[in-house]
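The values are calculated or read from the model by the stated rules, or taken from the named source; none is laboratory data. All of these numbers come straight from a predicted model, not from anything done at the bench. Neighbour counts are summed over all protein chains in view; Cβ atoms, including those assigned to glycine, are modelled from backbone coordinates with ideal geometry. SASA here: full protein model, heavy atoms, side chains in, ligands and nucleic acids out. Shrake-Rupley method; radii C 1.70, N 1.55, O 1.52, S 1.80 Å.
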Amino acid sequence: MNIAFGHTNMDLDCLGSLILVRKLFPEYRLVRSRLIHPEAQNLYDFYQQYFDFLNPKDIETELIEKIIIVDTCMAERVGEYFSHIRNSAPDIRIYDHHPIEFCNIQGAKVEGGNYGANTSFLGKLAMEQGIRLLPEEATIALTGIYADTGRLIFENVSRVDFEVSAWLMDMGASLKLVKSFLETIREDAQLEILNQALMALQPHVIQGHELLLSYLELGENTPGLAAVVEKIMEIRNPDAFFALFAIPKTKTVLLIARSQKAKINLHELLHVYGGGGHQLAGSAKINGREGPEFFEEFLGYLEQSLTPATRAADIMTRDVHRVSETMSLLEASVFLEKADLTGAPVLDAEENVSGFISLRDIMKGRKAGVMKAPVRAYMSKPAVTAGSNLTMREIERIFYKHHIGRLPIVEDRKLLGILTRWDYLQYRKRQVSRKA
């Protein structure tokens, strides 16, 4: 017998991957985890007949020749299946979009790629083979993609995620149903925890990153905690959010994290605690620890482990065109035209930044017929400036608050460089492509 399965506590992306495995490899039987993630339970209840799952106990007496594993390459996340497989050396193939450097399933052949969702990875293979899906199967797969990519807006999204999503729409996937399956805050217990977590939020700035942490004690493990974390991430929009849920009676701590910066790699950060996930979404279960003690330890771990945030000095242009206060508006206009600029910082006799002159400022002088007037009479002052140590979050706020396109970077009023909206946008693009 050949079988296929995903990680324990199957989520929407895992189910989306498995429905495509069933089409790509019809000779394989799917095996379900004993646990379904609360966010995926509703979809599974409606569509379980399309999977035709075996239970792990059903394979105990079978000779398993080949295995396909999806959406994980970590042995501890598939132990419940291997405990029922009696033969010792089946052929194992893995399809996983997570970083594969931590793969510890012995003898497995791993295929990976840079995809926002694992379902997109397998959907690409199905597209290339011309496979046809039922509308229900396409809906399951599209839900998996939307869940793991934040409806195609997370920073891990690739072109393939869009292409496969379009293909699934062509196959009859229902966006209305996808949306209903992604509405994950349904239960009263979730709403209560959401309110408690919002009240317990602790802001921290670590290595220039604006983080939120929360600590709550629960009577028992409550389904849907990840959905609560996602909602808080959406409401507060930090660089990253780390939610710790302690269950004192079992000395267990559940750590659920979300990030929107490639420099805060959750897969790497949580691996030390036996957790994992994506770069931007991860979780860990820590056993045998008291909650308050672990919270303090984890805070110290972040302070030691986080890579410093990108700052103005890291991306500013150091060779800056500048204008003297004593230049006439006409001279400044010619200078900006030759340099193909819309504005430039203005320096006084001591080489201090004293203002900023733009083409709009010069236009006021031209309309008044005073193009021989000195720049200092028409420049914007004081200039909006920033220090070289400011983070990109802080730079972003300055751009939006003052509606400017060019920001001089100064130290003790001396010009060090300049940072433009274009520079900022290029930085954001590099974040999306995981190069920052």
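Across 20 Å bins from the origin, how do the percents of Cα pairs in the chain run, short distances first?
Each 20 Å bin holds this share of Cα pairs: 23, 43, 24, 9, 1.
Below 17 Å, Cα to Cα, which lysines can Lys261 reach? Residues fewer than 8 away in the same chain don't count.
Lys429, Lys435
Any idea what the relative contact order of the chain is, in percent, if you count C-alpha pairs under 8 Å spaced at least 6 apart?
10 percent
If pairing requires two Cys Cβ atoms under 4.7 Å apart, which cysteines of the chain are left without a partner?
Cys14
From the square roots a ≥ b ≥ c of the eigenvalues of the alpha-carbon gyration tensor of region 111-193, which class results: rounded (a/c under 1.5), prolate (a/b over b/c), or oblate?
Taking the square roots of the gyration eigenvalues as a ≥ b ≥ c, region 111-193 is oblate.
Rounded, prolate or oblate, given the Cα gyration tensor of region 1-145, with a/c below 1.5 counting as rounded?
Verdict is rounded for region 1-145.
Simple spin-label model, 7 Å along Cα-to-Cβ: Ala189 to Arg322 in nm?
Taking the two extended label points, one gets 6.3 nm.
List the relative contact order of region 62-105 as a percent without decimals, with contacts defined as Cα pairs under 8 Å and 6+ residues apart.
58 percent
Taking the chain as the reference, fit the longest principal axis to its C-alpha atoms, fit the long axis of helix 12-24 to the helix C-alpha atoms, and give the angle between the two in degrees, 0 to 90, nearest 10.
60 degrees
So for region 319-436, averaging the separation of alpha carbon pairs under 8 Å that are six or more residues apart and normalising by length, what relative contact order in percent results?
RCO, region 319-436: 22 percent.
Could you work out how far helix 159-170 tilts from the main Cα principal axis of the chain, as a 0 to 90 degree angle to the nearest 10?
60 degrees
Arranged from highest to lowest average of other beta-carbon atoms within 10 Å per residue, in what order do the peptides 335-346, 117-128 appear?
117-128, 335-346
Rank Tyr81, Tyr115, Tyr47 by mean-square fluctuation in a GNM of the chain with C-alpha springs under 10 angstrom and give only the top-ranked residue.
The residue with the greatest mean-square fluctuation here is Tyr47.
How far, in nm, would the chain grow between Glu62 and Asn221 when pulled straight, counting 0.36 nm per residue and subtracting the alpha carbon separation? Write down the numbers at each step before the final one.
Numbers: separation 159, 0.36 × 159 = 57.24 nm, distance 3.46 nm.
Value of the extension gain: 53.8 nm.
For the chain, what does the accessible surface come to per residue with a 1.4 Å probe? Please give it in Å². Can you show the working numbers first?
Working: 20620 Å² over 436 residues.
Accessible surface, normalised per residue, equals 47 Å².
Add +1 for every Lys or Arg and -1 for every Asp or Glu among the other residues with Cβ under 15 Å from the Cβ of Asn237, and state the total. Spell out each step's value before the answer.
Details: positive: Lys231, Arg236, Arg258, Lys261, Arg393, Arg397, Arg428; negative: Glu155, Glu210, Glu230, Glu234, Asp239, Glu394, Glu396.
Once all neighbours under 15 Å are counted, the net charge is 0.
Holding the Cα-Cα limit at 25 Å, pick out from Lys66/Lys124; Lys372/Lys401; Lys23/Lys66; Lys124/Lys179; Lys364/Lys401 the pairs that are longer than that.
Flagged as over cut-off: Lys372/Lys401.
Using alpha carbon centroids, what distance separates region 346-394 and region 255-328, in Å?
Their Cα centres are 36 Å away from one another.
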